[in-house]
Every structure is written in C-alpha cells, then in structure tokens.
1. When you count, for each residue, the other Cβ atoms within 10 Å and take the mean per peptide, how do 293-300, 344-351, 63-70, 40-47 rank with the highest first?
2. Can you work out D for segment 3-47 in µm² s⁻¹ from Stokes-Einstein, where Rh is the Kirkwood radius over C-alpha pairs, the temperature is 37 °C and the viscosity is 0.692 mPa s?
3. Where does the chain land on Rg(C-alpha)/(2.2 N^0.38 Å)?
4. For the chain, what does -39500 (n - 2.57) per DSSP helix run (n ≥ 4), summed and divided by total residues, give at 222 nm, in deg cm²/dmol to the nearest 500?
5. Taking 0.36 nm per intervening residue step and subtracting the Cα-Cα distance, what contour gain separates residue 363 from residue 333 on full extension?
6. Going 7 Å from the Cα of residue 80 along its beta-carbon direction, which residues of segment 42-60 have the amide nitrogen within less than 15 Å of the resulting point?
7. Rounded to whole Å and ordered largest first, report the semi-axes of the equivalent ellipsoid of segment 5-210 derived from its Cα gyration tensor (root of 5λ).
8. Suppose we keep just the DSSP beta bridges with both residues in the chain; what percent of those would be antiparallel, to 5?
C-alpha cells in the first residue's frame, strides 16, 4: 500500500529513536522545524518513551517577536518531555545589508547597549562552550555543538533531526540526493554523517509546503503566528520564511519588518549597518533584484570599476581578490559546461578552448575562456562575466556566492583549525 508523507516521516522517526541512543531536534522556530518537532513530540507521547528529547535552538537575537513568542510557548508547553538548549552566542553571521561589513554578531557583548531584547533566561552562552572561538561562524558552531552534545550525553550514536525539504532549493535537494553511501547511516538516503557516530536526519525531506500546513491544521499543532501575518501581507506561501533578516535570501522581504513588527524594526535599524537601505531597495534593481540595468555610457566592466570605487578599501580588495581568482580559474583550468552551452558560446562568437576530460565527476567538458562583458544566454549565471561581478557588488554578496564561490583555502583551514582544537579537548 502506498504511504503518504506523514506515514513515511513517522516511520523514519521510529527508526531514529530505535537506532540512536541520543536524539535532538534543530529547531529554528520556522514552519518546517516546527512540524518536525511536533512529529517527534507526538511520537514520544504516543509511545510513552520516558527519555527526554533534546531541542537545539540558535537564538539570533534579531527576529520577529512572533517567532520569539512561538519558541517560548513550545519550550514551556513541552517542558515535561524536552531538554532545551537555547544558544545565545556571538558567532559570526553573514550579512548582505552593508558594504562595510560582511558579518555581524548576535548577542555581541561589545554591543550590549544595542541588543534588541534581553537575553532569555536559562540560555546557554559562550561561557558554556569551551570550543567557542571569536572567528567561528554560525554554521561551524552547529557542527561543533553536535560533537559537544554527543560527548555531554556520553552517547554511542547521536542523531540531529533537521527540518529541510528538497522543494525549498537545489542546495537542499543535493543534501539528500547528492549524498554518498559512505556518508549515510545504514544506506538510509535521508541521513548524513557529520562526524564519527554523529548523524543528521532529514525526516520530512519529501514534504511539500502544502503538506506542512495540512499537518498543522489536521493535528491542531501550535505554529509560528508570524505566518498568519505573512498571509495577510500577501506574501506567497513559498516565500514565507523565518530566517536571519540580514541574509541575502531575506533582502527582498526585509521591508516587511516595518509593517509587521514596527517595534523590532525601530531597534534593528541601529543594530546592523545598512538595514534601512536594504529595506528600501532590497526588492528593487538597485540591489540586483530582478533585472539589473546598465547605466548609460558604461560597459559592465567599467560599471564594475565604478561600483568598486565607491566601496571601503577592505571591501574593494575582497572583491578584486575574488575576481582575480575567478579570472585565473577560467583562463587556466576552465569551468565544466554542457555541450548545449558550448554550442551557444560558439554561436555567439566567444573564443573558447574546450578540453576533452576533467577530474571532476561529470559528463560536462572543461572550457577555458576570458571574462566577457555580458552573455545573453540562459546559462549566464554559470559563465564568467563582469555583469556577474556587478550583481555580487550590488547584492553586498561579500563571499560571491552568486558567482559560485565556495569557502577559500584560508577559510577552510580556519574551519579545520577550530575543529582540530575541539577534538583536542575531547581527548
């Protein structure tokens, strides 16, 4: 008999609680992690399992008041079966609201007078984590917390339940379907090994947005009432997200804070540089949203240099370094492109050198070429053009993720240093 997504999720949850002696949920306060937590709570109450469920919540300080209220309700109403790990730590968090700074720090002790709210009672701070380092990013903290929690509980096997769905993005789709068997737990595609005996599990990866709201309605679960306000503000279902308001994904909706949560808005514009500007122009072409217009009298290359000239020196040098690395890559190694894209480049008169094979696991072929001013083809985002760099600058995309940049060697080495430091503490 064909099972629906709810039945499959409950089957996966049962597997998790059977196979792992230590389980916790990563809970953001959004609709996906909220449903996943409710699924686990229902399972625990129905089965009568006495062991408490860990709930890990990274409190980013600046968020809608409705999100804070929802998180508080969940923790209060289920305190009999959950252990709460509410983390208020000043790790580095990416921001795309400012040309001056590439990150900000929630709960930064140096900015205590600017905090948008008081630190919650009973939360965990940086003093509770020996592994914390001021150079640590929020995503690094998540990995190290998993190891810390594993050691704290003296567990044999730890599982972190993460509420992501493949419908949300290609990156999330790859998390599930790009997973190699060696990184799975017992060949379960919806699991991913983080470190020795510590795994993530994505039990609702195959749910749709409509499934989330069907479950909330059918089982009368509590949820973040922010989504009701989103609905009234006519925000489409697929764009209703709870995330740090300063990330690139939140640029387009940052202006909603003014209408939905004016008290928080009044505090947050003083908290992080560039918030008001992004709210005004984050959903316009001024910050590369939708179609970017080239000013009269400019090429994309000259416009790029103009934009760079308006930036602080540190920010300008960061972009120039990224550009230099990208130009050298396309000139010396080349990017892997499909035959269809190669034909389109040739039809547009672009001088390219096509290789026969690549060390990457792909059927595409490596193509070497010089940077172009612009390329009017659908595959534009994957090709080296000065227009792409202009878009990164306009978006305040300091890491140039729009251009496909991954962490640099220096950034990867720094991450490894932090991981090695923590492992030394566990010996």
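None of the figures in this text is laboratory data; all of them are computed from the coordinates on show. From a predicted model like this one, the values you see are computed outputs, not experimental measurements. A quick note on method: Cβ atoms are made from the backbone with ideal geometry, for glycine too, and the neighbour counts reach across all protein chains shown.
1. 63-70, 40-47, 344-351, 293-300
2. Numbers: Rh = 11.1 Å.
Stokes-Einstein gives a translational diffusion coefficient of 296 µm²/s.
3. Numbers: Rg = 23.2 Å, N = 427, 2.2 N^0.38 = 22.0 Å.
The reported ratio for this selection is 1.06.
4. -12000 deg cm²/dmol
5. Stretched fully, the residue 363-residue 333 segment lengthens by 9.2 nm.
6. 42-53
7. Semi-axes (√(5λ), whole Å): 28, 20, 18.
8. DSSP beta bridges in the chain are roughly 40 percent antiparallel.
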